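Asks: One structure, pasted below without further comment.
The values are calculated or read from the model by the stated rules, or taken from the named source; none is laboratory data. Here the structure is a predicted model, which means the values were calculated and not measured.
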Amino acid sequence: MLDVGRVVSWHRRKLAVLAAVAAVLTAITVAAPPDPPTVQVVRAAVPLAPGSTITADEVRLEQLPESAVPREYVDQVAAVVGRTVVAGVPTGQVLTTQSTLTDHAADPGRVIAPLRLDDADVVSLLRAGDRVDVLSAAGEGGTAAVLVQRARIVTIPTPDSSDGIGLGASDSAGALVLLDVDLRAATRLAQAAVATRLSVVLRS
């Protein structure tokens with residue numbers, strides 16, 4: 001004969017165990033820290049070359065933890081499309097307002113050309129808006145040649161270790177300067193940078 005009392009008691013124990021497990025799971029859920037707040041950011045979908053103009057297919061939107069993004073991050077694709085890249089941006093890097101220049105940074109019909117100089121001390125004397133002549137010399141004792149005359153300095157990117165965006169370098173590798181030049185001058189600078197040492201002199 002079925003012992004009704006025993007069956008009822010067994011079901012009660014089973015329900016008590018399930019209730020205890022549910023209580024433990026609820027306690028774990030309550031004790032677990034909430035997910036960190038996230039923000040929408042614009043990241044480079046491909047490597048962005050210095051002096052290039054950003055297109056819509058070269059960037060993407062993502063959600064990242066707010067604590068992990070640099071200061072002055074950009075949160076809209078439209079805010080960077082058509083702008084000029086200040087310095088090289090690797091794939092995946094978050095773009096900031098310091099990563100780009102406005103589309104009016106160069107004069108009409110001209111381009112922004114990156115120029116890396118070996119002597120960071122010389123760069124420290126330069127300011128945006130200065131006019132410079134760019135010289136090249138092939139090795140020690142080589143004859144210097146004037147590559148570009150009266151080029152306008154658009155900006156001089158500065159490193160910012162606190163946000164990790166890596167705009168420039170002021171160390172033994174030299175420092176970066178962005179110049180407003182015509183396309184022919186930009187081509188000469190790019191070619192000379194491969195095989196010669198570049199320097200600048202200030203013009204009045």
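Asks: Taking the criterion of being outside the structural domain of Leu179 (by TED's automatic domain parsing) and assigned to a strand (DSSP E or B), would at least one residue in the stretch 105-117 satisfy it?
Replies: Scanning the stretch 105-117, I find no residue that is outside the structural domain of Leu179 (by TED's automatic domain parsing) and assigned to a strand (DSSP E or B), so the answer is no.
Asks: Next question, about the same structure. Somewhere in the stretch 68-77, is a residue at pLDDT below 75 and in a loop (DSSP other than H, G, I, E, B)?
Replies: No, the conditions are met nowhere in the stretch 68-77.
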